[in-house]
Ligand code: TYM
């Protein structure tokens, strides 16, 4: 059975981008593959969270994983920092990762631009830690959104380089995965670019948002003044609303609003109302489970410790073999 690995950083509540880009696939894959889904708390240290913040964010991602339908009896769910073998593999892979290629990574360049005051080494070697997450279980499939494609390419580079250096076909090649064969990028509500936790207030719809909060955010989404005879091409902010509909609304609803747009009869208020209701309904089953799961501290503790144990079993096997391949003391 093929092995699957994926993770989400513990930097806040999960949003529709995380859900449709990643978690929806986690839930489906757990029935067919040997799955490891983790909470990337080591990755979140690049932005220096306080201990309290880190603690509550790790817990909320775990709660939302479970509420979204990841089943701890089917998939191994764990917190990255509970598996120190990951940090060990990260060290070995770092010896073979080069400054030039790390500096060229798009996500590194974006982070430098956004936070020129905090360009730490962890940020630079972020793709190496991500490769370690994947290679530690020798996974081949990695369900992620489109924004992670380059990181996957780097994970393959680091794995292959290790294999070549030690003349050993040890790590298989991991590939980004989505059931539809198309990695997705869920747009935000601000009219430009993707939905994200740090893209500004009101841009993201969180799985834990109340129906009122969802309606308010959607009604405030950026629109233009409507199609005209000269210009019937949808501008980015309108295309984004239609793209959001593609994930939460029925094909009939989309066709209906498409038709209104094409015949220049569209009223954006109606489109937004429909989109908000479809989002409220799509997230309802998750939202309803969040509070119950959050109230059960014993269950959360049990899931995290059982997951850590299972993940360490697989990770320590890899580390033992890697140590042998590298040639550490065996006497
Ligand atoms: P992170 O925490 O930024 O996002 C978690 C997952 O959600 C997806 N995602 C999106 N997909 C579509 N549209 C969006 N707007 C959107 N926003 C987020 C991301 O693609 C991702 O799949 N580096 C990773 C975490 C990580 C990881 C790993 C993933 C660390 N180690 C090993 C896979 C394997 C990250 O920052 O994701």
(message) With the cut-off at 1.5 for a/c, could you classify the stretch 100-162 from its C-alpha gyration tensor as rounded, prolate or oblate?
(response) prolate
(request) Compute log10 of I(q)/I(0) for the stretch 211-290 with the Debye formula, placing one identical point scatterer on every Cα and leaving out solvent, at q = 0.14, 0.16, 0.17, 0.23 Å⁻¹, to two decimals. (result) -0.46, -0.59, -0.66, -1.10
(request) Return, for the Cα atoms of the stretch 167-220, the radius of gyration and Dmax in Å, separated by a comma. (result) 17.5, 58
(message) If I take every Cα pair under 8 Å that is 6 or more residues apart in the chain, average their sequence separation and divide by the length, what percent do I get for the relative contact order?
(response) 23
(request) Put one equal scatterer on each alpha carbon of the stretch 273-319, apply the Debye formula with no solvent term, and list log10 I(q)/I(0) at q = 0.14, 0.17, 0.29, 0.33 1/Å to two decimals. (result) -0.59, -0.67, -0.95, -1.03
(message) Can you compute the equivalent ellipsoid semi-axes for the stretch 1-143, i.e. the square root of 5 times each eigenvalue of the Cα gyration tensor, sorted largest first and rounded to whole Å?
(response) 25, 19, 14
(request) Take the alpha carbon atoms of the stretch 89-223, find their radius of gyration, then divide it by 2.2 N^0.38 Å using N residues; give the quotient. (result) 1.27
(request) Kindly provide the helix-only [θ] at 222 nm of the chain, computed as the sum of -39,500 (n - 2.57) over DSSP H runs of four or more divided by all residues, to the nearest 500 deg cm²/dmol? (result) -16500 deg cm²/dmol
(message) If you take every DSSP beta bridge fully contained in the chain, what fraction is antiparallel? Give it as a percent rounded to 5.
(response) 10
(message) From the C-alpha coordinates alone, can you work out the Kirkwood hydrodynamic radius of the chain, in Å?
(response) 21.3
(message) If you average the alpha carbon positions of the stretch 194-264 and of the stretch 276-328, how far apart do those two centres end up, in angstrom?
(response) 32
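Bear in mind that the values in this text are calculations on the coordinates, not laboratory data. Keep in mind that what you see is a predicted model, and the values were worked out from it rather than measured.
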